[in-house]
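Undergrad: Sharing a structure, written as C-alpha cells. Questions coming.
Please treat every number below as a calculation from the coordinates, not as lab data. Model, not experiment: these values are computed from the prediction. For neighbour counting, all protein chains shown are included, and Cβ atoms are generated from backbone atoms with ideal geometry for every residue, glycine included.
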Amino acid sequence: MQKINNLAIRLARYRPLLEEATQRVLASGWLVLGPETAAFEKEFAAYVGVDFAVGVANGSDAIELALRALGVEPGDVVATVANAGMYTCGSILHLGAQPFFMDVDLQTQCASIAEVEAALHSGVRAVVVTHLYGRAVPGIELMAKLCADRGVPLIEDCAQAHGACVDGRRVGAFGDAACFSFYPTKNLGGLGDGGAVVCRDQKTELALRQLRQYGWSQKYKVTCPGGRNSRLDELQSAYLRVFLPHLDRDNASRRHWGHCYERGLKNPWVKVPTDLGENHVVHLFVVLVEARESLAAHLHQCGVATDVHYPIPDHQQPILAGNTVRALPCTELLAKQVLTLPCYPEMTEQEVAHVVESVNSWRP
Ligand SMILES: *Cc1c(COP(=O)(O)O)cnc(C)c1O
C-alpha cells in the first residue's frame, strides 16, 4: 500500500545524525530547557527571520499561549478559519474565548482579505490565519497591515507551512506572533510532540517564556496569570536541530512531487492545486473531487492510501452544536470535496507515477 506519508524511511535516512544527537543529550545531563533548546530557539528564529522563538510542548499550546501573550482573555472573540482541523478553535475555546469564523477563498482555501476585514469590523480581539496545506496565505502582508491599523494582533498558524516564503520572507515573520507544530509528520517534525511560538517583540517573548513555565517571573514566583507547563524538551530540540538544516531541501522535494502531480494529473473530474512556488511547501497535496468516496475507493483498490483534511468544519463539530454562526459556504463545500494524496520528500518517481496513473484511470 502506498501510504500518504512514511516516517520509517525518513527516520532511517536521518538515523546516524539522530543517534549522534541522542548521545549528545545523554552526555550533557540536561533534559528540559537546557542548551539544546536554547540553541534550537536561536537557530529557528534565524531561519524564520524573526528575533525570538520560544519552544513549547506542541502546536496547539503554541496557539493558546500566543493568544494569551498578546492579551486575549476569557470572553474575548478571536477570528479563525473553520477548515483547518479545529486546532486553533480548540485553543480559543480552551482559553475561554469564542471563535469568529471567517470563510475561506475557494481557490486558495485560506482566509481572504475581505473576510479578515469583516472580522475586524465585527470587533474581534485577535485574528488567526492558517497557512493551509503548506500555502502561504495570499495577501498576508496586507492582512498584517489591516490588523496593525486597528491595533488587533495577527497570529499566523504555520503548523503546515515551515519554510514557505512570500517575496523571500518566510511565513511566521508577518504576524505579531506565529505558531509552529513539530509533530512528526509536519514539514519540520521531531520524534514526538513539540511546538514553538516566534515573535519580533521582546515583551511578547518574555510573556511566552513565563506562560510556558507555570507563569514564573523567577523560580517559584508566579507572576503571570494563565501560566502552565508547556516546554520543549532537550531531546526533541536536539532532533529538530538535526532536521532544520535540511528543511529547505526536503521542502524542495515535496514541491517537486507537487509539480509532478500538477503536470501528470489529467482527470477532468479532479481539480489539482496550482502555482506551487516558493509560497507553497506542499505539506499536504490536496485535490478537489465531487465523488470523493468513489475516487478514494478506486485508489484504495489500486493500493494508494488517501485521507481527508478535514471532513468536519469547526463550526459543525459536535462540541459547538447549537451555536449559530455566519454562513460559511466555501468552507462547507470544500469539506465535502477535499482529498489528500500521498506526498512526502522520500517518495520515488515510480510511486508518484503510480498515483498519477491511478487517479487518471478513475471515472465517477
Ligand atoms: C498540526 C496542526 C496544529 C496543532 O499542532 P499539534 O502539535 O498537533 O498540537 C495546529 N494547526 C495546524 C494547521 C496543524 O496542522
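Undergrad: Name the lysines eligible as straight-distance cross-link partners of Lys203: C-alpha to C-alpha under 22 Å, and not fewer than 8 places from it in the same chain.
TA: Lys42, Lys145, Lys219, Lys221
Undergrad: Give the shape of the chain as rounded, prolate or oblate, defined through the alpha-carbon gyration tensor: a ≥ b ≥ c are the square roots of its eigenvalues, a/c under 1.5 means rounded, and otherwise the shape is prolate if a/b is larger than b/c and oblate if not.
TA: oblate
Undergrad: What is the gain in length, in nm to one decimal, between Ile9 and Leu142 on full extension, counting 0.36 nm per residue of separation less the C-alpha to C-alpha distance?
TA: Separation in residues times 0.36 nm, less the Cα-Cα distance, equals 43.9 nm.
Undergrad: Also: Let me have the 222 nm mean residue ellipticity of the chain computed from DSSP H runs of 4+ only, each contributing -39500 (n - 2.57), with the sum over all residues rounded to the nearest 500.
TA: After summing the helix terms and dividing by the residues of the chain, the value is -12500 deg cm²/dmol.
Undergrad: At 0.36 nm per residue, and after removing the present C-alpha to C-alpha distance, how many nm does the segment from Thr185 to Gln301 gain when stretched out fully?
TA: Length gained, Thr185 through Gln301: 39.3 nm.
Undergrad: Determine which aspartates and glutamates satisfy two conditions relative to Lys336: a Cα distance under 19 Å, and not lying fewer than 8 residues away in the same chain.
TA: Asp103, Asp105, Glu290, Glu293, Asp307, Asp314
Undergrad: For labels at Gln23 and Ser361 in the simple 7 Å Cα→Cβ model, what's the distance in nm?
TA: 4.8
Undergrad: Follow-up question, since we're still on this one. What distance in nm lies between label points placed 7 Å from Cα along the C-beta direction at Trp30 and Arg326?
TA: With each label point 7 Å from Cα toward Cβ, the separation is 4.6 nm.
Undergrad: While we're on this one: How much of the DSSP beta bridge set in segment 127-284 is antiparallel, as a percent to the nearest 5?
TA: In segment 127-284, approximately 60 percent of DSSP beta bridges are antiparallel ones.
Undergrad: May I pose another question? Ranked highest first by average number of other Cβ atoms within 10 Å, how do 287-300, 62-75 line up?
TA: Per-residue mean Cβ counts within 10 Å order the peptides as 62-75, 287-300.
Undergrad: I would also like to ask the following. Could you size up the charge dipole of the chain around its Cα centre, putting +1 on the beta carbon of Lys and Arg and -1 on that of Asp and Glu, and report it in debye to the nearest 20?
TA: It comes to approximately 420 debye.
Undergrad: OK, next. Work out, step by step, the length gained on full extension between Lys203 and Gln337: first 0.36 nm times the residue separation, then minus their alpha carbon distance; give nm to one decimal.
TA: That pair, Lys203 and Gln337, stretches by 44.0 nm at full extension.
Undergrad: What is the fewest-to-most order of Val352, Val54 by other Cβ atoms lying within 10 Å of their Cβ?
TA: The order, fewest Cβ neighbours first, is Val352, Val54.
Undergrad: Still on this model: Could you work out how far apart the two model spin labels at Met1 and Glu43 are, taking each label as a point 7 Å from the Cα in the direction of the beta carbon, and quote it in nm?
TA: Output for this residue pair reads 3.5 nm.
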